[in-house]
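Notes to accompany the following structure.
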Amino acid sequence: MPWLLLIIAGLFEVGFATCLGQAKLAEGSSRLVWLGGFAVCLSVSMLLLYRASQALPIGTAYAVWTGIGAAGTALVGIALFKEPSDFWRLFFLFTLIASIVGLKAVTR
């Protein structure tokens, strides 16, 4: 169960980063909606990270949380914000994801 909470927390981290990106592009009241989404996603992400870290080593939990957030945000950036997707960027995203899986495999 803590691993599931941690994965969901990482996905909410992607959510709050995406909301920040959208808020940067938005104007007027829609900017406030995106900032509200940022606050909600940030709160949920932190709460779930806290809950997961009660059962997992904090170093592992934090590394996996930031890894999911970083990889997910980079993929959202490529898909939504037209960020570059060259070979090396995708290669290092793959190695980041492989590292997250490796941490899961070696954590008891």
>> With the requirement that a residue be among the acidic types (Asp, Glu) and under 11 Å from the mean Cα position of the chain (by Cα), what does the stretch 1-52 give you?
In response: 13
> What number of residues within the stretch 1-35 satisfy the criterion of being charged (D, E, K, R) and in contact (Cβ under 8 Å) with a residue 40 or more places away in the chain?
Replying inline: 1
>> Among the listed residues 85, 45, 30, 99, identify the single one that is small (Gly, Ala, Ser) and touching a Gly at 6+ places or on another chain (Cβ under 7 Å).
In response: 99
> For residue 19, all conditions in the list (1) surrounded by 14 or more Cβ atoms within 10 Å (Cβ to Cβ); (2) over 21 Å from residue 3 (Cβ atoms); (3) out of contact with any Gly (no Cβ under 6 Å at 6 or more places or on another chain) hold save one; what is the number of the exception?
Replying inline: (3)
> When you scan the stretch 29-108 for helices (runs of 4 or more DSSP H) that lie fully inside it, which ones turn up with 1 or more residues that are on the phi > 0 side of the Ramachandran plot and surrounded by 13 or more Cβ atoms within 10 Å (Cβ to Cβ)?
Replying inline: none
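A short reminder: the numbers here are calculations on the coordinates, not readings from a lab. Here the structure is a predicted model, which means the values were calculated and not measured. As a convention, Cβ positions derive from the backbone with ideal geometry for all residues, glycine included, and neighbour counts pool all protein chains shown.
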